[in-house]
1. Taking a temperature of 25 °C and a viscosity of 0.890 mPa s, what whole-number D in µm²/s does Stokes-Einstein yield for region 37-153 with Rh from Kirkwood over alpha carbon pairs?
2. Using a 1.4 angstrom probe on the protein heavy atoms only, line up 129, 186 by accessible area, largest first.
3. Cα axis of helix 48-57 to longest principal axis of the chain: angle in degrees, 0 to 90, nearest 10?
4. Tell me, what is the FRET efficiency for residue 202 and residue 40 to the nearest 0.05, using R0 = 25 angstrom and their Cβ-Cβ distance as r?
5. Sorting 192, 24 by accessible area (1.4 Å probe), largest first, what list results?
6. Measure nothing fancy, just the Cα-based angle from helix 206-217's long axis to the longest principal axis of the chain, in degrees from 0 to 90, nearest 10.
7. Can you run phi through the Karplus equation (6.51, -1.76, 1.60; θ = phi - 60°) for region 144-160 and list ³J(HN,Hα) in whole Hz, with x for Gly and Pro?
8. Could you pull the accessible area for residue 59 with a 1.4 Å probe, rounded to 10 Å²?
Amino acid sequence: MKRHLSSFNTKSITKEARLTGLMYLVVIVCAGFSQGYVRANLYIPGDAVATATNIMENSGLFRLGLVSDLIAFILDAVISVMFYQMLKPYGKTLALVSSSLRLLAHPAIGAINLLNHYMALDVLAGMEMMTGFEVIEIQTLSLWFMNAHRYGYLLAGGFFGVHCLLLGFQLTRSRLMPVFFGVAMMIAGVGYLMETFGDFLFPGNEVWLAWVVGLSAALGEVELTLYLLIKGVKSNPKTENQ
């Protein structure tokens with residue numbers, strides 16, 4: 001048998017859901033700025049000279065991109081806990097696995113991967129100390145760090161994709177919100193996994209796979225964020241006997 005949550009619990013869950021939605025919105029803005037604007041405009045795959053020039057001429061923007069990512073990853077750690085608290089009444093083990101994967105994806109792998117982002121600038125800024133290297137060699141090294149960051153981003157996306165699949169399933173089963181949002185998150189998860197495995201296994205398809213991720217994430221994550229922020233949860237969610 002299932003029972004309705006008490007009015008007090010519903011209000012509490014709704015408040016927490018809206019807070020989660022607010023943090024998720026900040027994450028989307030910060031991550032979108034760093035990945036979709038900063039690196040998308042400064043990083044030129046395969047062109048060490050152009051990438052190095054862009055980074056040095058826009059070093060402040062490049063640093064801001066790192067800070068923006070770091071803010072997103074810190075908030076994502078909190079969001080992981082919030083989703084666990086929200087969904088554990090509908091399957092504690094599944095909620096724990098799902099949230100753990102989110103913690104691994106961005107707060108862990110993503111945050112450590114920011115070292116590659118920073119080192120791409122650091123080797124260029126310290127060029128005068130690297131007297132044993134030619135300028136083009138230092139620029140190439142910077143590009144390698146940017147390449148490494150991209151690969152690290154893809155690895156994190158694999159963990160995040162599975163998280164989205166599990167989160168979508170949990171949302172669908174919990175009925176905390178319309179089924180559409182759970183299905184949309186599962187579609188987003190498929191998009192992330194397609195990009196991660198597709199880029200590693202079938203190089204040369206990066207452009208259209210990036211579009212797949214962008215569209216599926218907009219359908220899933222953005223829609224879920226807006227629902228959490230505006231509505232929270234349904235007025236009469238159900239929970240399982242504990």
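The values are calculated or read from the model by the stated rules, or taken from the named source; none is laboratory data. Keep in mind the model is a prediction, meaning the values are calculated, not measured. For neighbour counting, all protein chains shown are included, and Cβ atoms are generated from backbone atoms with ideal geometry for every residue, glycine included. To get the accessible areas, we keep the full protein, side chains included, count just its heavy atoms, and leave off ligands, DNA and RNA. Shrake-Rupley method; radii C 1.70, N 1.55, O 1.52, S 1.80 Å.
1. D = 157 µm²/s.
2. 129, 186
3. Long axis of 48-57 versus the principal axis of the chain: about 80 degrees.
4. About 0.70, to the nearest 0.05.
5. Solvent-accessible surface, decreasing: 192, 24.
6. With both axes taken from Cα atoms, the answer is about 30 degrees.
7. 4, 5, 5, 4, 4, 5, 4, 5, x, 4, 5, 4, 4, x, x, 5, 5
8. Ignoring ligands and nucleic acids, residue 59 comes out at about 40 Å².
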